[in-house]
Amino acid sequence: MAIQYLKHGCSAEESSQDADKVRDVVTGILGDVASRGDAAVAELSAKFDNWSPESFRLSEDEIARCVRTLSPGQLDDIKFAQAQVRNFAQAQRESIRDVEIETLPGVVLGHRNMPVDSVACYVPGGKFPLVASAHMGVVTAKVAGVARIITASPPVGGKPNPAVVAAMHLGGADEIYTFGGVQAIAAMALGTQTIDPVAMVVGPGNAYVAEAKRQLFGRIGIDLIAGPSETLVIADDSVDAELCATDLLGQAEHGFNTPAVLLTNSMQLAKDTIAEVERLLDILPTANTAGVSWRDYGEVIVADTLEEMVPVADRIASEHVQVMTRDPDYFLKNMKNYGALFLGARTNVAYGDKVIGTNHTLPTGKAARYTGGLWVGKFIKTCTYQKVLTDEASALIGSYCSRLCAIEGMIAHGEQANIRVRRFGNRNVPYGTAVPA
């Protein structure tokens, strides 16, 4: 049986048209902030968020008031989640080792792992203030050793969201700003009259935030393109339609353009899940959002075997992949393109999004073909060095270097080698000629 689609999402042409509109808007905003700084940020914030504070940066008193707004139980929950993120990030950091090795007698090569100097961690607001994004960015950067960590999130209901601010503060942010969207990314990346620019911007966001990061990459570092959320549920008949539908809608509520895909080798489960999604949409409080995503971006794909499902899943390269089959480790062993795997019915994407400890800032838009998600290593620069300890070693390497430069016709490069062969190897090499073999 060929792969069957019981439900299709929007076409590639429609997605491309949307991307073109987003790109043009973002280009204009980045140019405006680059040329006018704070004035542009203030105008854009008033326009898009109806937010015009005296200062976008929160004072210590404003931060403290936000923290006091939360109950002890809420603060404990945030601290618990941050502890899980911190513990896993610390284990990852400890896996990153400096290297130094003597590759030839007298030739020492190595690398050092150093944190970037400054990072901006963006926390989306939109329909939902994503408190967990503060943990994922700030806590992970802190574990990496970043010296200056600034954060930004849009206002919610005309004010800073207390839980988001508390999470930023408890995570260790040095500066906390309440503004959002492309103007926030631009201000932190490019700098303004009142905001010093950073070396790197990380964090998820909507299509506009993702495009802003894409256009700024090169002038600054970014973690990855982390745009609208995506989920792929891989299931067989060992689970039921209610579980599949719940996990699909659990991500579809993120926004109006969230791909939610079921891939199964059970035609009955596929049909039952479609019906169950419609039943749940009748009672889901966020159905106005999730229903649009399901209608426009939802897909249901039926294959014959697990083996057929793997290349389909790798082609989709989804941000989140929930595997609920009799042998979920089969996909761990065989899949190559995904942001994060959630293996077995006992776990789910919401655990990863909120609390379990893996990072929820993950690649979207098929970026999982070439990158993983945010982790402590994204904040680390691995920089190499070399030392030549003896005259003999310098003369040996220099002889090879001289001849290799001659092959390329790079005479001045060759002379960097030749002068050392003359001095340290006591060989008479005419200027501009290669060292004889």
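The values are calculated or read from the model by the stated rules, or taken from the named source; none is laboratory data. This one's a predicted model, so the numbers in the text were calculated from it and none came from an experiment. Every residue, glycine among them, receives a Cβ derived from its backbone with ideal geometry; neighbour counts consider all protein chains shown. In case anyone asks, the SASA skips ligands and DNA or RNA and just uses the protein heavy atoms, side chains included. Shrake-Rupley method; radii C 1.70, N 1.55, O 1.52, S 1.80 Å.
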Percent of Cα-Cα pairs per 5 Å bin, from 0 to the last occupied bin, for segment 339-437, please list those.
2, 12, 14, 11, 8, 4, 4, 6, 8, 8, 8, 7, 4, 2, 0
Under 28 Å from the Cα of residue 127, which lysines turn up, not counting those fewer than eight places away in the same chain?
7, 21, 47, 79, 142, 159, 213, 354, 366, 378
Using a probe of 1.4 angstrom, how much of the accessible area of the chain is carbon and sulfur, in percent?
53
If each residue of separation counts as 0.36 nm, what is the full-extension length gain between residue 390 and residue 20 once their alpha-carbon separation is subtracted?
127.4 nm
Put a dot 7 Å past each Cα toward the Cβ at residue 437 and residue 43; how far apart are the dots in nm?
6.7
With a 1.4 Å probe and all protein chains left in place, how much accessible area per residue does segment 341-430 have, in Å²?
58
Assuming 0.36 nm per residue, please report the length gained on full extension of the stretch residue 6 to residue 77 beyond their Cα-Cα distance.
21.5 nm
Residues with amide H under 5 Å from that of residue 234, placed H, sequence gap 5 or more
263, 322, 323, 324
Selection from 283, 332, 263, by position along the positive dipole direction of segment 220-353 (Cβ):
332
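Mean shadow of segment 264-385, computed from the convex hull of its alpha carbons, in nm²?
Numbers: hull surface 38.9 nm².
With every direction weighted equally, the projected area is 9.7 nm².
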Any idea what diffusion coefficient segment 100-213 gets from Stokes-Einstein, in µm²/s, Kirkwood Rh on alpha carbon pairs, 25 °C, 0.890 mPa s?
164
Suppose each label sits 7 Å from its Cα in the direction of the beta carbon; what would the residue 329-residue 287 distance come out to in nanometres?
4.1
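Give me the one-decimal Kirkwood hydrodynamic radius in Å for segment 266-312, with the sum taken over alpha-carbon pairs.
Roughly 12.1 Å, rounded to one decimal.
Please report the orientation-averaged projected area of segment 73-158, defined via the convex hull of its C-alpha atoms, in nm².
The number I arrive at for segment 73-158 is 7.6 nm².
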Any idea what diffusion coefficient the chain gets from Stokes-Einstein, in µm²/s, Kirkwood Rh on alpha carbon pairs, 25 °C, 0.890 mPa s?
101
What the 10 Å binned alpha carbon P(r) of segment 149-283 shows, as percent of pairs per bin from 0, is 11, 30, 25, 19, 13, 2, 0
Take every DSSP beta bridge with both residues inside the chain and express the antiparallel ones as a percent of the total, to the nearest 5.
35
Along the charge dipole of the chain, Cβ charges K/R +1 and D/E -1, which of 382, 248, 84 sits furthest on the positive end?
382
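Is there a quick way to get the dipole size of the chain? I mean about its Cα centre, with the Cβ of Lys and Arg at +1 and of Asp and Glu at -1; what is the value in debye to the nearest 20?
Using only the charged Cβ atoms, the result is roughly 1580 debye.
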Given axes a ≥ b ≥ c from the Cα gyration tensor, I'd like to know whether segment 17-65 is rounded (a/c under 1.5), prolate (a/b larger than b/c) or oblate.
prolate
Percentage of Cα-Cα pair distances in segment 371-422 greater than 18 Å, rounded to whole percent?
51
Estimated vicinal HN-Hα couplings, Hz - segment 245-255 in sequence order (Karplus 6.51, -1.76, 1.60; Gly, Pro = x)
5, 4, 6, 5, 6, x, 9, 4, 6, 4, x
Enumerate the calculated ³J(HN,Hα) couplings along segment 121-127 in order (Karplus 6.51 cos²θ - 1.76 cosθ + 1.60, θ = phi - 60°), each rounded to whole Hz, writing x wherever the residue is Gly or Pro.
10, 8, 10, x, x, x, 6
Which whole-number percentage describes the relative contact order of segment 296-437, with Cα contacts under 8 Å and a sequence gap of 6 or more?
16
Select from 204, 105, 53 the residue whose mean-square fluctuation is largest in a Gaussian network model of the chain (Cα-Cα springs shorter than 10 Å).
105
Quick note, segment 68-107: a/c under 1.5 would make it rounded; otherwise a/b > b/c is prolate and the rest oblate (a ≥ b ≥ c, C-alpha gyration tensor); here it is prolate
Can you tell which of 296, 24, 61 shows the greatest fluctuation in a Gaussian network model of the chain with Cα springs below 10 Å?
61
Express the accessible area of segment 77-181 per residue in Å², computed with a 1.4 Å probe while the remaining protein chains stay in the model.
39
A student asked for the Cα radius of gyration and Dmax of segment 1-143 in angstrom ought to give 23.2, 67
HN-Hα J in Hz across segment 290-303 - Karplus 6.51, -1.76, 1.60, θ = phi - 60°, x for Gly and Pro:
4, x, 5, 4, 5, 4, 8, 10, x, 9, 10, 10, 10, 10
Stokes-Einstein D for segment 150-230 (4 °C, 1.567 mPa s, Kirkwood Rh from Cα pairs), in µm²/s, comes to 99
Projected onto the charge dipole of segment 359-425 (+1 at Lys/Arg Cβ, -1 at Asp/Glu Cβ, origin at the Cα centre), which of 359, 419, 398 gives the Cα projection farthest towards the positive end?
359
Build a GNM of the chain with springs between Cα atoms under 10 Å: which of 134, 350, 207 gets the top mean-square fluctuation?
350
